[in-house]
Amino acid sequence: EPQNPYFYEIKGQILFENGKVEAAIPVLKEAIHLAPNQPLVATALGQAMVSLEDDAQMKAAIPILEEATRQDSQNTFAWFNLAKAYSWTGDEHRASLATAERFFSAGVAGQAAMHARRAMEGFKVGSPEHLRAQDIYFVAQEAVERNQKRRFQNSFTLQHDRF
């Protein structure tokens, strides 16, 4: 089955996991060519590219990982690798936004709020990136406050029940 993208994906993963990262990249690119709308395959390619810690590979990984996160916004591993690529290339504000997205999609409200606040500081007010960071910040901050209130109420109930 020479046109089966998942054979290429598996071969690329095997190469990657055995430390043959450079050999994995063209194999994973072929998997993407055969299955262009598979965000997990794109994430595997992005991860391999990012793991080389090479300037050109980092820059090339960014659009691949951006597309993977557009197709699957809950893909925390793609967000992680995208944040690393942004940071490597000096785009700290986008790295913070990608990290906020990662924690937001994983349900870690406190970390999402912190990184979203940091991202908001770096984008022009009203820009799409600023608005997205702001959305994450407000929703995550609300969740943090709800959790704190719930913990306080539970603590009060436990103390009250003892008497």
(request) With springs only between Cα atoms under 10 Å apart, run a GNM on the chain and tell me which of L15, L28, L82 wobbles the most. (result) L15
(request) Could you state the accessible area per residue of region 2-129 in Å², with a 1.4 Å probe and every protein chain left in place? (result) 52 Å²
(message) Considering only protein heavy atoms and a probe of 1.4 Å, how much of the accessible area of the chain is carbon and sulfur, as a whole percent?
(response) 53 percent
(request) Could you give the size of the charge dipole of region 17-60 about its Cα centre, using +1 on the Cβ of each K and R and -1 on the Cβ of each D and E, expressed in debye and rounded to the nearest 20? (result) 160 debye
(request) For every helix of n ≥ 4 consecutive DSSP H residues, a contribution of -39,500 (n - 2.57) applies; sum these over the chain, divide by its total residues, and give [θ] at 222 nm rounded to the nearest 500 deg cm²/dmol. (result) -27000 deg cm²/dmol
(request) With springs only between Cα atoms under 10 Å apart, run a GNM on the chain and tell me which of A42, A116, A23 wobbles the most. (result) A23
(request) Considering only Q153, Q71, Q57, give the residue with the highest GNM mean-square fluctuation for the chain, with springs between Cα atoms whenever their separation is below 10 Å. (result) Q153
(request) Enter the per residue convex hull volume of the chain, computed from alpha-carbon coordinates, in Å³ rounded to the nearest integer. (result) 143 Å³
(request) Once you have the Cα-Cα distance between R146 and R70, take 0.36 nm times their residue separation minus that, and quote the gain in nm to one decimal. (result) 24.5 nm
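The values are calculated or read from the model by the stated rules, or taken from the named source; none is laboratory data. From a predicted model like this one, the values you see are computed outputs, not experimental measurements. Neighbour counts run over all protein chains shown; Cβ positions are idealised from the backbone, glycine included. Just the protein is used for accessible areas: all its heavy atoms, side chains included, with ligands, DNA and RNA removed. Shrake-Rupley method; radii C 1.70, N 1.55, O 1.52, S 1.80 Å.
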